[in-house]
Each structure stands twice: as structure tokens, then as C-alpha cells.
1. Among the lysines, which have Cα under 22 Å from the Cα of Lys162 when same-chain residues fewer than 8 positions away are ignored?
2. Pop out the carbon and sulfur fraction of the accessible area of region 105-178 as a percent, whole number, probe 1.4 Å.
3. Chymotrypsin sites (Phe, Trp or Tyr not before Pro) within region 130-177: which are DSSP loop residues with at most 13 other Cβ atoms inside 10 Å?
4. Could you name the aspartates and glutamates in cross-link range of Lys59, using Cα to Cα under 16 Å and dropping any fewer than eight places away on the same chain?
Amino acid sequence: RTAFSGPAPWDPYRPISPLPANRDFDSALFVTVIGESVYFGSSVTDSVHCLNIYSGSQKWFYRTNGAVRFPPCHYNDNLYFGSDDGYVYCVNAADGSLVWKINTSEKFGVVQNFFGVGSTPAIEENLVIVQVGGSPPSSQRVAPGQLDQVVGNGSGIVAFDKYTGNVRYQISDELASY
């Protein structure tokens, strides 16, 4: 069963072709299954969806301002995920309500190369570990297409407190990646 019914909500070929939309749903290739719920991110609706695993009916969805390209990570009662809007999110797994969110692009100076937070967070004890890859202010002025001149600022990997979203530590000069 497809994740979305009806005409394609997004089709990259539509602007250049008179043919009908050829994509009827967002390919939900990566999912997280917990109990009777299946969770997946969508690059079509810029959101995380929660479906009933048996009926396929939608329980809830949480909309962001950018594509959610990877599945959320589940721990206890929460889901953790990143979005192309540059935020890392923590939402309640039962109802999709926001627990906390952090604008990593702003906080760590991520130079927009294409994606925002393009990875699934990892959970270790009380930490949410995320590939962020920020840069110092001098790299914010680098012209588009010259990413080889962008340098890191020690926020290649950031560990957030899983309950509050506060930064616990950051390491590495690796830049944001997909």
C-alpha cells in the first residue's frame, strides 16, 4: 500500500513534461517500527508520519519546514530526527507533539550546501548524537559552489541532552554532509 493516495504531491518532471504525474507517493524507504506504529520521514510533505501498522491509517504527522529524508530514531516515548530546515527535533511518539527543537544551522553556523540535517540521530544513554558540521563566521561569506573553502568549527558531531536539547559536547571539524 502506498503512503499517499491520489495524484503525486510532488513530481520533479512535471514542469518539463506534459505527461501526467508519474509519482503517486513519497518513497518511504526507511521506517521505524515500534509496537503498532510505523514512523517515516517524508521529502514530499516535509514531515514525519505515524501510521497504524495494521490498517495503514494515519495516527498523526508533524510538519517541518524542510524535507525529512531519514527515519526518526525512537527512544522511550520520543522520536528524534533532523530536517532540511536545519533543525533537530524531538517529538512525542504517541501524539507527535513537540518536546524540543534546535536550529543547528543558526546555532552552529552550518553553511547550506544542499541539505540541512541529513542523517538519523543516534541515542547513547542520555545523549542524542547528530552530525551537524557547522562553520565559523568567515565561512558564511564563501560564495556558493566554493564549498572547498569552507572550514569546520568543531561541531562536526554534536551531542544534545535527549530531554532538553541542550548541547552536552561537540567534536570534529567535519562539515555537514548527507
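The values are calculated or read from the model by the stated rules, or taken from the named source; none is laboratory data. Keep in mind that this is a model prediction, so the values were computed, not measured. Cβ sites come from the backbone with ideal geometry, for glycine too, and all protein chains shown count toward neighbours. Side chains are part of the model used for accessible areas, which takes the heavy atoms of the whole protein and leaves out ligands, DNA and RNA. Shrake-Rupley method; radii C 1.70, N 1.55, O 1.52, S 1.80 Å.
1. Lys101, Lys107
2. Details: 2030 of 4090 Å².
C and S fraction of accessible area: 50 percent.
3. Values: sites: Phe160, Tyr163, Tyr169; in loops: Tyr163.
Hits after loop and neighbour filter: Tyr163.
4. Filter leaves Glu36, Asp77, Asp95.
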